[in-house]
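Student: Okay, here's the structure, questions in a sec.
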Amino acid sequence: MSALTSYTTIIRPVISEKSTVLGDQGKYVFEVASDANKIQVKKAIEEVFANKKIQVQSVHIVNVPGKMRRLGKHAGMTRTWKKAIVTLKAGHSLDLFEGV
């Protein structure tokens, strides 16, 4: 198991229709490292966005399984990944998704 830093724990924000709706509720969705846990994700979010003084209320982690995809006679699987739904405390927000 490799040591995770804050910037390797959080891979990217997930921008989708569902995550945009959750953003209005103070919940933000991120793709995270496959070996990250809730405590590591919480610390990473608070450290990466330290300039905004973000406080995390809760973290929910979901393992997203790969799907079977087919293109003509070639078949394969998409990759398995892990996503974290981060709920911020009341009064806190991220402007990652503004203007998207």
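The values are calculated or read from the model by the stated rules, or taken from the named source; none is laboratory data. Just so you know, these numbers come straight off a predicted model, no measurement behind them. Positions of Cβ are generated from backbone atoms using ideal geometry, with glycine treated the same way; all protein chains shown enter the neighbour counts. Note: accessible area is taken over every heavy atom of the protein model, side chains too, but ligands, DNA and RNA are not part of it. Shrake-Rupley method; radii C 1.70, N 1.55, O 1.52, S 1.80 Å.
Student: How many of the residues making up region 36-64 are open to solvent by less than 90 Å² (accessible area, probe 1.4 Å), more than 21 Å from Ser93 (Cβ to Cβ) and touching a Phe, Trp or Tyr at 6+ places or on another chain (Cβ under 9 Å)?
Tutor: 1
Student: Output the residues belonging to region 22-35 that are open to solvent by 90 Å² or more (accessible area, probe 1.4 Å) and either touching a Lys or Arg at 6+ places or on another chain (Cβ under 8 Å) or among the aliphatic types (A, V, I, L, M) (or both).
Tutor: Ser34
Student: Scan region 77-100 for residues that are surrounded by 13 or more Cβ atoms within 10 Å (Cβ to Cβ) and at pLDDT 85 or above and jot them down.
Tutor: Trp81, Lys82, Lys83, Ala84, Ile85, Val86, Thr87, Leu88, His92, Ser93, Leu94
Student: Looking at region 46-57, can you tell me whether even one residue there is assigned to a strand (DSSP E or B) and either at pLDDT 95 or above or of a type in the set (Lys, Arg) (or both)?
Tutor: Yes, region 46-57 contains at least one residue that is assigned to a strand (DSSP E or B) and either at pLDDT 95 or above or of a type in the set (Lys, Arg) (or both).
Student: Which count do you get for residues in region 59-100 that are of a type in the set (Val, Ile, Thr) and out of contact with any strand residue (DSSP E or B) (no Cβ under 7 Å at 6 or more places or on another chain)?
Tutor: Summing the residues that are of a type in the set (Val, Ile, Thr) and out of contact with any strand residue (DSSP E or B) (no Cβ under 7 Å at 6 or more places or on another chain) in region 59-100 gives 1.
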